[in-house]
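The structure appears right after this line, and notes come after that.
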Amino acid sequence: MMAMATAPTRAEPRSAELARIVHLAAPIALGQVGLVAMGLVDTAILGRVDAVELAGASVGRNIGFAAQTLSIGIAMALEPLASQAVGAREPDKAWASMIAAMKTLAMVWLPSIVMAYMLTLPLGALGLDAAVISRARVFILAQSPGMLCFALFLSIKTFLQAHGHTRPALIGSGVANVINFGLCSVLVRGDDALAAVHLPAVGLPRMGALGAGLATSCATLVLVTVSWLAAREFRPTKPVTAVSVRRVLKLGLPSGLHMLAEVGAFALVSVMTGRFGTTTVAANQIALGLASFTFMGALGVSGATAVRVGHYVGAGESPRRAGLLGIGLGAAVMSAGAVVFAIAPRPLIALFTNDPAIVDIGASLLRVAAIFQLFDGVQAVGAGALRGAGDVRYVLYTGIGAYWVVGVPLSLLLGFTLHGGAVGMWWGLSASLMTAATAFLVRFAILSRRTIRRV
């Protein structure tokens, strides 16, 4: 069996703790970048083929992700369960927690697919074109196997992170990107892709959004396979006490519902941009994809911070130093993305489309993203620190307030009532991120003044 992650010690200087967070965060972030890169590749390929296919796949991806948030929350339940178990020198409990999470994920897979389809039913009433809705449903169907694979991958990845073993997810995402690029190019473009590399035509049709969804499913199968092979090295050699599905759900449901609140707000805004036309939908997806790309840095720091906070809690020590250092690092990482968005918004959007109208709208959206990057980093890592401490209910209730009491109403007001369009709607989302960032930072600062009980 591989060595257990380094245990926390209060005698170390702050620089040593920061180095541990960076050591964990860097490969996690790079792995997350690989995951988002698959979506960006799909967007770039579809964007140069057909705007309707791109818009349909974009809407389908957003809806599919929103329907999958419960599964993602279940996987995130391992952040406190596995990291606190490792901190307490109980690796067998970390393994049992992962197995329980995987069983739970298999149970909720089919309901997630049904939910995704149900979410497409009101799209016509929201003003989306019938052709876009049709392609969105096709994309959701094609990526359905990938939804289960992706959720399983997240649970295994979280288990490995608790042990400080981050390389498998990084390797898996690299291999998956290579597979996704090749398959997506061929399946989306058909014989045109073969002709581009001087291969003979074989009668392969253009599949558009369907091809992109199938490529995603194949790539995520690679992800889960690589990660599972690595996780088996930590399998206990003696029987372990099983962790109940109920315990996983107790922590996973609030995490999943919090993510649903956040993702649902962004997905609703993305869908509502359909009222401004297909061009705006495409620009919104490209800008959102780029913002998601930089957000992977914050997610990497968030995952590392959750692990270190969990290690301290499991060892019976205060996680204050690790949590606050992680939050500061997340803000710094996202500030770098903000600078890039502010300096070169148009060239970034132009990487994904030749349409000047899409470039104009997308550049305006990136300028807004440059403003909210800092707050996005603080809220992401703050939520991770609280999850590592097991304080998942506060994250849920605060998230609902930030995104649905502040963000969504303000987005609708600025976008439609005050005629701000998609840019106005993004300013509303920015307000929700500012609210969440402030609330999570203050909560962790207060909570970590004392020793926190293990979940």
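The values are calculated or read from the model by the stated rules, or taken from the named source; none is laboratory data. Note that this is a predicted model, so its numbers are computed, not measured. We place every Cβ from the backbone using ideal geometry, glycine too, and count neighbours over all the protein chains shown.
Report yes if S302 is of a type in the set (S, T, N, Q), under 15 Å from the mean Cα position of the chain (by Cα) and within 26 Å of L396 (Cα to Cα), otherwise no. Yes, satisfied. Here V41, V49 are screened, and the one residue that is touching a residue at least 60 places away in the same chain (Cβ under 8 Å), under 24 Å from T220 (Cα atoms) and not in a helix (DSSP H, G or I) is V49.
Against the numbered list (1) buried (at least 24 other Cβ atoms within 10 Å of the Cβ); (2) modelled with pLDDT under 85, G34 comes up short only at (1). Note on the stretch 113-224: enclosed helices (runs of 4 or more DSSP H) holding 3 or more residues that are at pLDDT 90 or above and over 30 Å from P91 (Cα atoms) are 130-142, 167-189. Among the residues of the stretch 225-237, those that are closer than 17 Å to W95 by Cβ, assigned to a helix (DSSP H, G or I) and not acidic (D, E) comprise S227, W228, L229, A230, A231, R232, F234. Confirm whether T104 is at pLDDT 90 or above and more than 17 Å from the chain's Cα centre (by Cα). Taking the combined requirement at face value, the residue satisfies it. If you filter the stretch 103-149 down to residues that are over 11 Å from A57 (Cα atoms) and of a type in the set (S, T, Y), you find that the one that is surrounded by the most Cβ atoms within 10 Å (Cβ to Cβ) is T104.
Against the test of being farther than 21 Å from L221 by Cβ, in contact (Cβ under 8 Å) with a residue 12 or more places away in the chain and either in contact with a Pro (Cβ under 9 Å, 6 or more places away or on another chain) or of a type in the set (A, V, I, L, M, F, W, C) (or both), the options L199, L148, L119 yield a single qualifying residue, L119. Filter the stretch 329-340 down to residues that are within 20 Å of the chain's Cα centre (by Cα) and surrounded by fewer than 17 Cβ atoms within 10 Å (Cβ to Cβ) and give me whichever is farthest from G377 (Cα to Cα). Of everything passing the filter in the stretch 329-340, A336 is farthest from G377 (Cα to Cα).
For L81, indicate whether it is surrounded by fewer than 21 Cβ atoms within 10 Å (Cβ to Cβ) and in contact (Cβ under 8 Å) with a residue 24 or more places away in the chain. Taking the combined requirement at face value, the residue does not satisfy it.
Pick out the one residue from L429, L412 that is more than 30 Å from E90 (Cα to Cα) and touching a Phe, Trp or Tyr at 6+ places or on another chain (Cβ under 8 Å). Only one candidate passes the filter, namely L429.
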